[in-house]
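Below is one structure, written out as structure tokens, with a few remarks after it.
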Amino acid sequence: MRSFFRIWGREYRNIFLDSGVLLIFFGAILVYPLVYPIPYSPEVLRDVPVAVVDMDHSQLSRKFIRMMDAHELLRIASFHTSLTEARDQFFRGSVNGIVVIPGDFTKNILRKEQAVVAAYCDASYFLLYRQVLTGVLYTTGTLSAGVEVKRMMAKGFTRGQAMAARDPVPLLSYPLFNPSGGYASYVVPPVLMLILQQTLLIGIGMLGGTVREKKGRHFLIPEEQSTGVVSLLLGKSAAYLSLYIVHAVYFFVFLFRIYRFPQRGEPLELLLFILPFLTSVIFLGLTLTALFRNREISMMALLFTSIPVLFLAGFSWPPESIPEWLRILSFMLPSTAGIDGFLKLSIMGATLPEVGFQWILLWGLTGLYFTVACLTVKHIAKKGKVQGDVGERDREDAGGTPGILSENES
């Protein structure tokens, strides 16, 4: 226990004496999650500018344009007499969609024929594409329903009968777990979990690379020979865990309330779930330090993996559509089970037993990476001892003093 607490305190000292690690563990953690959600604070993209080409110039076409402008998703930004003019404005980026009302629009409706309205929107930007298309579809549907209701009323139907005949099975849509249907409530919570993982891995990697650069020994080799492997790993992990538990509270209590993200989970269950997530990330980071010979390599390698890890988590793309072998491989990352379980607990209001698979998987990853870290430490220590014995024999053969090793040789 004395070794455990001594290593815990020493790891605190290593963290607070390294300005780069402080920037990752505190600067990035405090500032980035606070600033990141600001662009998404409106939650829903509204008033997307649209150009209109009205070739009909009728009362009904003008009514249709007013209905589009009244829709919350659309804003009529300009009127044109030809599609060429509207297209030029679209390519300049002044509008994000074009609606063309043909010259026979009213004529076809009066003849009880199908009238066609053309909507052009940029499918390379899916959010704008969806908003423009949804707004136009909703407006055309409303106009079509109004025309049919008036025709039925002309035949003797009451307004209520005409409405029931036009829409016999009305659809009532209620967005679950995201009442505003907002983009921020969808994307920010899982990204916060990913920030916890990646900053923790980068910080541990930077500490490991610094030790190898400055002291000529591995990050996982204790300075005292009496220190055991378990005490070493648990002492280091306790320092990181104590810091990141506070960060998790900052993320999922204060930031959630500041930005009013939905939160239905029980605080105790969230804490019990976050615990194996953080421990599995910590032991994964301690294992990966064997790969980093300097701090720059650790930062570049772990930053490079952030985007693939984000997509493998399965919230930006349906996990059912990810190749099976890649989906299985993704469960080796704590973020996959961590993000899935956290969203169910915090956003959807699930209980801890209902995310039992993810919780047990995180504990399994904790045990796996702790075991791998222990084996890594023993392998490095054994390799260092063999190199030390060889160096000592070489000095004895050269007439040197046995048992005294230089810092790099040790």
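Which residue is nearest to GLY141 (Cα to Cα), if the candidates are limited to the range 68-84 and must be in contact (Cβ under 8 Å) with a residue 24 or more places away in the chain and not hydrophobic (A, V, I, L, M, F, W, C)?
Taking the range 68-84 first, the residues in contact (Cβ under 8 Å) with a residue 24 or more places away in the chain are 68, 71-83.
Right, trim to not hydrophobic (A, V, I, L, M, F, W, C) and you get 71-72, 75, 78, 80-82.
Values: HIS71: 12, GLU72: 15, ARG75: 18, SER78: 23, HIS80: 24, THR81: 25, SER82: 25 Å.
By that ranking, first place goes to HIS71.
Of all residues in the range 285-316, count the ones that are out of contact with any Leu (no Cβ under 6 Å at 6 or more places or on another chain), in contact (Cβ under 8 Å) with a residue 12 or more places away in the chain and within 20 Å of ASP18 (Cβ to Cβ).
14
Yes/no matrix, rows are residues, columns are (1) buried (at least 21 other Cβ atoms within 10 Å of the Cβ); (2) out of contact with any strand residue (DSSP E or B) (no Cβ under 9 Å at 6 or more places or on another chain); (3) under 14 Å from GLN197 (Cα atoms); (4) among the charged types (D, E, K, R):
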| position | (1), (2), (3), (4) |
| --- | --- |
| ARG264 | no, yes, no, yes |
| LEU272 | no, yes, no, no |
| THR287 | yes, yes, no, no |
| ARG295 | yes, yes, no, yes |
| ILE307 | no, yes, yes, no |
| PRO319 | no, yes, no, no |
| GLY341 | yes, yes, no, no |
| MET348 | no, yes, no, no |
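So in the range 225-257, with the set limited to residues that are among the small types (Gly, Ala, Ser) and at pLDDT 85 or above, which one is nearest to PHE342 (Cα to Cα)? Before you say what the answer is, go through the steps one by one.
Taking the range 225-257 and keeping what is among the small types (Gly, Ala, Ser), we get 226, 228, 231, 235, 237-239, 242, 248.
Still in the list and also at pLDDT 85 or above: 235, 237-239, 242, 248.
Details: GLY235: 27, SER237: 22, ALA238: 22, ALA239: 23, SER242: 20, ALA248: 12 Å.
Checking each candidate, the answer is ALA248.
Quick check on my filter: what residues within the range 174-194 are of a type outside the set (Gly, Ala, Ser) and touching a helix residue (DSSP H, G or I) at 6+ places or on another chain (Cβ under 8 Å)? Give the steps one after another, and end with the answer.
Going residue by residue through the range 174-194, those that are of a type outside the set (Gly, Ala, Ser) are 174-179, 183, 186-194.
Hits for the range 174-194 are PHE177, ASN178, TYR183, VAL187, VAL188, PRO189, PRO190, VAL191, LEU192, MET193, LEU194.
Does the range 92-112 contain any residue that is small (Gly, Ala, Ser) and within 29 Å of LYS150 (Cβ to Cβ)? Break it down into steps so the answer makes sense when it comes.
Just the residues of the range 92-112 that are small (Gly, Ala, Ser), to begin with: 93-94, 97, 103.
Of the ones still in play, those that are also within 29 Å of LYS150 (Cβ to Cβ) are 97, 103.
Yes: one or more hits.
Yes or no: the range 131-139 includes at least one residue that is in the same structural domain as HIS57 (by TED's automatic domain parsing) and without any contact (Cβ under 8 Å) to a residue 40 or more places away in the chain. Break it down into steps so the answer makes sense when it comes.
From the range 131-139, those in the same structural domain as HIS57 (by TED's automatic domain parsing) are 131-139; that's our starting set.
From the residues that got through so far, the ones that are without any contact (Cβ under 8 Å) to a residue 40 or more places away in the chain too are 133, 137.
Yes; the residues of the range 131-139 include at least one that is in the same structural domain as HIS57 (by TED's automatic domain parsing) and without any contact (Cβ under 8 Å) to a residue 40 or more places away in the chain.
Checking the structure you have, find out if any residue of the range 46-60 is among the hydroxyl-bearing types (Ser, Thr, Tyr) and more than 35 Å from the chain's Cα centre (by Cα). Explain how you work it out, then say what you get.
Going through the range 46-60, the residues among the hydroxyl-bearing types (Ser, Thr, Tyr) turn out to be 58.
Narrowing the set further to residues that are more than 35 Å from the chain's Cα centre (by Cα) leaves 58.
Among the residues of the range 46-60, at least one is among the hydroxyl-bearing types (Ser, Thr, Tyr) and more than 35 Å from the chain's Cα centre (by Cα), which makes the answer yes.
Only one of ALA115, ALA119 is within 36 Å of the chain's Cα centre (by Cα), outside any helix (DSSP H, G or I), small (Gly, Ala, Ser) and modelled with pLDDT of 85 or more; which? Can you show your working first?
Working: ALA115 fails: within 36 Å of the chain's Cα centre (by Cα).
ALA119 is the lone residue from the list that is within 36 Å of the chain's Cα centre (by Cα), outside any helix (DSSP H, G or I), small (Gly, Ala, Ser) and modelled with pLDDT of 85 or more.
Within the range 372-395, take every residue that is modelled with pLDDT under 90 and among the hydrophobic types (A, V, I, L, M, F, W, C) and give me the one that is farthest from GLY228 (Cα to Cα).
Start the filter on the range 372-395 by keeping residues that are modelled with pLDDT under 90, which leaves 373-395.
Filter again for among the hydrophobic types (A, V, I, L, M, F, W, C), leaving 373-375, 377, 380-381, 386, 390.
Values: ALA373: 13, CYS374: 10, LEU375: 13, VAL377: 10, ILE380: 14, ALA381: 11, VAL386: 19, VAL390: 24 Å.
So, considering only residues that are modelled with pLDDT under 90 and among the hydrophobic types (A, V, I, L, M, F, W, C), the one farthest from GLY228 (Cα to Cα) is VAL390.
Restricting attention to helices (runs of 4 or more DSSP H) lying wholly within the range 258-371, give those where 2 or more residues are modelled with pLDDT of 85 or more.
Details: elements: 267-288, 295-304, 306-312, 324-330, 334-342.
Ranges flagged: 267-288, 306-312, 324-330, 334-342.
If you take the residues in the range 331-358 that are under 19 Å from the mean Cα position of the chain (by Cα) and of a type in the set (Phe, Trp, Tyr), which one is nearest to LEU284 (Cα to Cα)?
Result: PHE331.
Can you give me the ranges of the strands (runs of 3 or more DSSP E) entirely in the range 1-110 with at least 3 residues that are surrounded by fewer than 19 Cβ atoms within 10 Å (Cβ to Cβ)?
Working: elements: 48-54, 74-80, 97-101.
By residue number, 74-80.
Please go through the range 152-170 and pick out each residue that is under 44 Å from the mean Cα position of the chain (by Cα), in a loop (DSSP other than H, G, I, E, B) and within 20 Å of LYS112 (Cα to Cα).
ASP167
The values are calculated or read from the model by the stated rules, or taken from the named source; none is laboratory data. Computed from a prediction, not measured in an experiment: that's the story for all the values here. Glycine gets a Cβ as well: all are built from the backbone with ideal geometry, and neighbour counts include every protein chain shown.
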